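Worksheet: one structure, shown below.
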Amino acid sequence: MTRKELEQLPNEKWGVMPIVDSIYVIADRSKHDSGYKHLNIYGISYDEHGKITYAKKLSSCSDVIDIKVVDNTSYENLHIDYLECNVMHIFTRNNKIKCDLPLSSFRITIV
């Protein structure tokens, strides 16, 4: 997805904690009380043919992403790319990403 496409996505409703295939992160110009930039965090899911089945903005108030890995999941399954359009892409090849509520820290769990 392009930066422009991400920025046009609708906000997820409060209380929804989706499980997605990819997380995209765009640093905002505004700053958190901590002095660090807010992060605009987007979640995307795909079907087996690569068609997008879920695409929402998950957070704009967090300044940290906590990454939790559970069970037999290894860090080898976690990938982070930085796209030319100044967007960070977090994804796994064999797992899903569970997103918690958007607080000051945004926790994702590799499941």
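The values are calculated or read from the model by the stated rules, or taken from the named source; none is laboratory data. Since we're looking at a predicted model, the values are computed, not measured. Glycine also receives a Cβ, built like all others from the backbone with ideal geometry; neighbour counts cover every protein chain displayed.
Looking across I26, I52, I44, one residue alone is among the hydrophobic types (A, V, I, L, M, F, W, C) and closer than 19 Å to D66 by Cβ. It is I26. Scanning segment 1-19 for residues that are assigned to a helix (DSSP H, G or I) and among the acidic types (D, E) returns E5, E7. For first residues located in segment 73-95 and on the phi > 0 side of the Ramachandran plot, partners that are surrounded by 13 or more Cβ atoms within 10 Å (Cβ to Cβ) and modelled with pLDDT of 85 or more and lie 6+ apart or on another chain with Cβ distances below 8 Å form the pairs N86/R3; N86/I26; N86/A27. Tell me, which residue of segment 49-70 that is within 13 Å of the chain's Cα centre (by Cα) and among the hydroxyl-bearing types (S, T, Y) is nearest to I19 (Cα to Cα)? Only one residue tops the list, namely Y54. Can you name every residue in segment 33-55 that is surrounded by fewer than 19 Cβ atoms within 10 Å (Cβ to Cβ) and within 18 Å of K96 (Cβ to Cβ)? Scanning segment 33-55 gives S45, Y46, D47, E48, H49, G50, K51, I52, T53, Y54.
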